[in-house]
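Undergrad: Take this structure, written in structure tokens, and hold onto it; I'll ask about it next.
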Amino acid sequence: MNPLIYLVMGLTMLWLQVTLAGSLAIWGVAPNVLLLTVLLCGLRWQDRWQFVYAALAGMACDVFSHGMLGVYGLSFFLVSYAARLAGIAMYESNPLSLMVLVGGLSVLEGVLSTTLFNLLDASAPWWHWLLTAVLPAALYQAALTPLFLLAFERIERRWGLEVTSRGYGA
Amino acid sequence: MLELLKRYRVATTAGGVFLLLLLLLSLRYSNPSNARFVDETVQAVAYPFQAAYHKTTTTVVGIFRHYVALVRLKEENEQLKLKIAALEEELNHHISSAVQFSLLREQLGFLEESPEQKIFAEVIGRSVDNLHHVLLINKGLLAGVRRNFPVVLREGVVGRIQSATAMQATVELITDRRHRFPVLIQRSRDQLELEGEGGTLRLVAKDRGIVFGLGDGLRMNRIRMLADVQQGDRVVTNGLAGIFPKGLLVGTVRSVTRERHELFQAAEIAPAVDFNKIEGVFVIIRDRRDPDFPLFTEP
């Protein structure tokens, strides 16, 4: 797949994350649209560039959140691998199952990143973050999945991209 | 070799990025001060992008706010009329206080002939994740900003400088869970300690009493039962941590809860600063201070 698509998508999502995600916050929890696209790329496209995209999207999150550089980069990278493994054909066009997968993988990413923060800074409130930030954000991202699925389908039609069939029934 | 790299360029790039990330994190684990240098370098490189993103944010949010303002105009008008009536009554009371205040201020000005120098900085970015509470400001080392310098507003304490590059600096808000500093109840002079807790704040008393914030406010927990904390009490910095000058307002006690079966009392605090609406801040410049002055929470 053309890496240019990832570049344009990444810059657009970063712009959305910086400009609009804060305004979409519910009870202080904002969705991470960069993570959402990382997961959907892994679940639908099965392309190797997705790993580079995931790592760079994570590093952008690191820079723009001023946390610890590399934490989101690594957790996005690992979760994109998990998304690739979980991306079975039966899930691809079923919004409900896709929502469940995105929610689950978002929690996995949250657990990975908060665990890394906890490893680097023992005082990090792991449980508190998990309950007050990771789980609500995962639910939020799952709820936004159908919307992003529509956008992905438009991109796929516009660029003539085919969703890779693999695993289930292949 | 080049052919091989070209053939497997995607896998090589992905592997390279993965190794770079692992290296970064292991560096941070083994030597945090070197990692800080990397962070500051990356932040300096990212500054133009962040500034550009800030411009677009301001524009988009501006359009949105104008629309919302129009929609809520009538409702706001009614509320403001009620507020004006209440404020007029309050004004009469304050006029007499103001006369007394101006006399006291003259004396205070005499005592503090050289107050701390402040510089104004515009907020150009915020954390995009839900875990950290930081601001990015457009003043850095060139303007005299250094690590651990206090950041304030007229309303009260905002945070401290987490890191600074030539053109920008990162402000760690007091609501960030990494932040902790001592405070006192202005009326009773009971000493407490405050730390950030995600989107909230937590105050820890010297006898292990703790105060948590709750999103729109703060909550004090595990305050010893004998501590004199009442509704309306002002919580101010006590100046002992070496970060904030003494007497800066942190918030006011909204309510106090005392349960018979509990060993400690708890209280909610309304923060003095609305952290969601900060557009500019003041950094207190202190030339004589060591830029790497350790926070008392650091090991």
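The values are calculated or read from the model by the stated rules, or taken from the named source; none is laboratory data. Computed from a prediction, not measured in an experiment: that's the story for all the values here. Ideal geometry is used to build each Cβ from the backbone, glycine not excepted, and the neighbour counts take in all protein chains shown.
Undergrad: For the range A:21-58, which positions are free of Cβ contacts under 8 Å to residues at least 12 places away in the same chain and more than 15 Å from B:Asp129 (Cβ to Cβ)?
TA: Result: A:Ser23, A:Arg48.
Undergrad: Restricting to the range B:28-46, what's the tally of residues that are farther than 15 Å from A:Phe64 by Cα and assigned to a helix (DSSP H, G or I)?
TA: The first filter runs over the range B:28-46 and keeps only residues farther than 15 Å from A:Phe64 by Cα, leaving B:28-37.
Now narrow it down to the ones that are assigned to a helix (DSSP H, G or I): B:28-30, B:32-37.
Number of matching residues: 9.
Undergrad: Using the structure shown, decide if A:Ala54 is within 11 Å of chain B (Cβ to nearest Cβ), modelled with pLDDT of 85 or more and in contact with a Gly (Cβ under 7 Å, 6 or more places away or on another chain). Can you show your working first?
TA: Details: within 11 Å of chain B (Cβ to nearest Cβ): yes; modelled with pLDDT of 85 or more: yes; in contact with a Gly (Cβ under 7 Å, 6 or more places away or on another chain): no.
Answer is no for this residue.
Undergrad: Further question on the same structure: Considering each of B:Arg154, B:Arg189, B:Arg178 in turn, give the residue that is at pLDDT below 85, on the phi > 0 side of the Ramachandran plot and part of a loop (DSSP other than H, G, I, E, B).
TA: Values: B:Arg154 fails: on the phi > 0 side of the Ramachandran plot; B:Arg178 fails: on the phi > 0 side of the Ramachandran plot.
Checking each option against the conditions leaves just B:Arg189.
Undergrad: Hey, another quick one. Being of a type in the set (Phe, Trp, Tyr), in contact with a strand residue (DSSP E or B) (Cβ under 9 Å, 6 or more places away or on another chain) and farther than 19 Å from B:Leu141 by Cα narrows it down to one residue among B:Tyr53, B:Tyr8, B:Tyr29; which is it?
TA: Unique residue meeting the criteria: B:Tyr53.
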